[in-house]
Amino acid sequence: MKSIIFALVISFVVTAVVGKFLIPALQRLKAGQSIKEIGPTWHMTKQGTPTMGGLMFMVGIGIAIVIMGWKGMLAGDFRHIYVFVFALIFGGIGCIDDMQKIRHKQNTGLTAPQKFLLQLAAAIAFICLMRYEGMLSPNLYIPFWHGHLVLPWWLYLVFAAFVIVGTVNAVNITDGLDGLSSSVTLPVAAFFTAVGVAWQGYEQLGLFGGAMLGGLLGFLIYNHFPAKVFMGDTGSMFLGYNLAVLAVMGFTKSFTLLSLVTPILVLAIPILDTVFAIIRRKMNNKPIFKPDKNHLHHCLLNYGFNHRDTVLVIYTVSAVLALCGLIMTYLNPSQGVILLFIISVIIIYGAMKLGVIGKENEKEFQQEEASDIGSNGGQHE
């Protein structure tokens, strides 16, 4: 319990301090964000805002993990170091992408196939390392079934790699408004922190969750509306990888999947926004990788919410879904199915009502006030 709290505090303080020096450095390097012309017009107001701000919470989380995990390393436990090193690899892929954008002064860096192959290779390497070290078990714990499903290794490899790569890109998609991506992932980090505190044997999970929670809170000091810096692909890929690993692997003596359903609920916002985008683009006969203006945050703005309220709504929904994911682990099969059915109906109805799925609505967000346009916006789609 104390180690988790200390990890949270250390990560928060280090991230906040690093941000004080990182943002001016990024400004001097002219590491500004380029905006896609296909996006809403108010995105253009964020042209030139420093990107790669995710470096600050990468430093904060890393220092917290090393300090609070030092005793474990002396005892020969390097699980948290393995996870963090591969998180840096994913962050490095994002950094290369960001540097390409900055160098060419446009919002296209690595191609989608290049990023996918690099992410897939890193995910497979991590999973194979964990298996080699004897820290990986292909057991799927089904929360309200209170049982385990053992997968063949090859199937588990495909499944886990897909979850990691998919979550990395799903988190990246949510990074479209000031403070949105960090706010959406805050409840997720809080969920894993709570699991580490409440469940015996999951202290390492709570340690990583607490460090992430502190780092995100420190980053929000600079990323909240109006944002002084964006996390960039550097931060979103680092963050997405960590969330995926925490979701699919419990930090016990042998890594196990926490559940089949719980990670989906906890990460529902980025996952569903990605799934709905694919469905929507297929329905509109558009390439699935082509950006559009119908992501959840776009639709909420178009519905009449301002930027602050949009972030608050998405944050609240993410927190409620994370809470449902925690509750799911204590339910029996019938209760779990009922809760899942209710959640599914609400999500599908809300998505259709807002226009997240269906025919595209390309009109600009006319409900925005002129003052809101000048001080808000996001960096991606």
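Tabulated results
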{"quantity": "Residue count for the stretch 173-187, restricted to those that are at pLDDT below 80 and assigned to a helix (DSSP H, G or I)", "calculated": "6"}
{"quantity": "Close pairs (6 angstrom Cβ cut-off, 6 or more residues apart or separate chains): farther than 18 Å from residue 116 by Cβ in the stretch 225-243, charged (D, E, K, R) and surrounded by fewer than 24 Cβ atoms within 10 Å (Cβ to Cβ) anywhere", "calculated": "225/308"}
{"quantity": "Odd one out for residue 154 among (1) surrounded by 15 or more Cβ atoms within 10 Å (Cβ to Cβ); (2) out of contact with any Leu (no Cβ under 8 Å at 6 or more places or on another chain); (3) in a helix (DSSP H, G or I)", "calculated": "(1)"}
{"quantity": "Residues being part of a helix (DSSP H, G or I) and buried (at least 17 other Cβ atoms within 10 Å of the Cβ) - total across the stretch 321-342", "calculated": "9"}
{"quantity": "Verdict on residue 160 being at pLDDT 80 or above, within 18 Å of the chain's Cα centre (by Cα) and hydrophobic (A, V, I, L, M, F, W, C)", "calculated": "yes"}
{"quantity": "Selection from the stretch 59-77 of residues that are outside any helix (DSSP H, G or I) and loosely packed, with under 15 Cβ neighbours inside 10 Å", "calculated": "75, 76"}
{"quantity": "Number of positions in the stretch 247-295 that are modelled with pLDDT of 65 or more, of a type in the set (A, V, I, L, M, F, W, C), part of a helix (DSSP H, G or I) and closer than 25 Å to residue 193 by Cβ", "calculated": "8"}
{"quantity": "Filter result for the condition that a residue is modelled with pLDDT under 90, under 23 Å from residue 186 (Cα atoms), of a type outside the set (A, V, I, L, M) and surrounded by 15 or more Cβ atoms within 10 Å (Cβ to Cβ), over 51, 15", "calculated": "51"}
{"quantity": "Selection count, the stretch 306-320, where residues are crowded, with 18+ Cβ neighbours inside 10 Å, over 16 Å from the mean Cα position of the chain (by Cα) and closer than 20 Å to residue 348 by Cα", "calculated": "1"}
{"quantity": "Residue 348 vs. criteria closer than 17 Å to residue 277 by Cβ and either part of a helix (DSSP H, G or I) or among the β-branched types (Val, Ile, Thr) (or both)", "calculated": "yes"}
{"quantity": "Members of the stretch 188-238 that are in a helix (DSSP H, G or I), among the small types (Gly, Ala, Ser) and over 23 Å from residue 3 (Cβ atoms)", "calculated": "232, 235, 236"}
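To keep it simple, each residue is scored yes or no on (1) over 25 Å from residue 325 (Cα atoms); (2) at pLDDT below 75; (3) surrounded by fewer than 16 Cβ atoms within 10 Å (Cβ to Cβ).
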| site | (1), (2), (3) |
| --- | --- |
| 120 | yes, no, yes |
| 140 | no, yes, no |
| 147 | no, yes, yes |
| 169 | no, no, no |
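The values are calculated or read from the model by the stated rules, or taken from the named source; none is laboratory data. Since the structure is predicted, the reported quantities are computational estimates derived from the model, not experimental observations. Because the Cβ atoms are built from the backbone with ideal geometry, glycine has one as well, and the counts that use them run over all protein chains shown.
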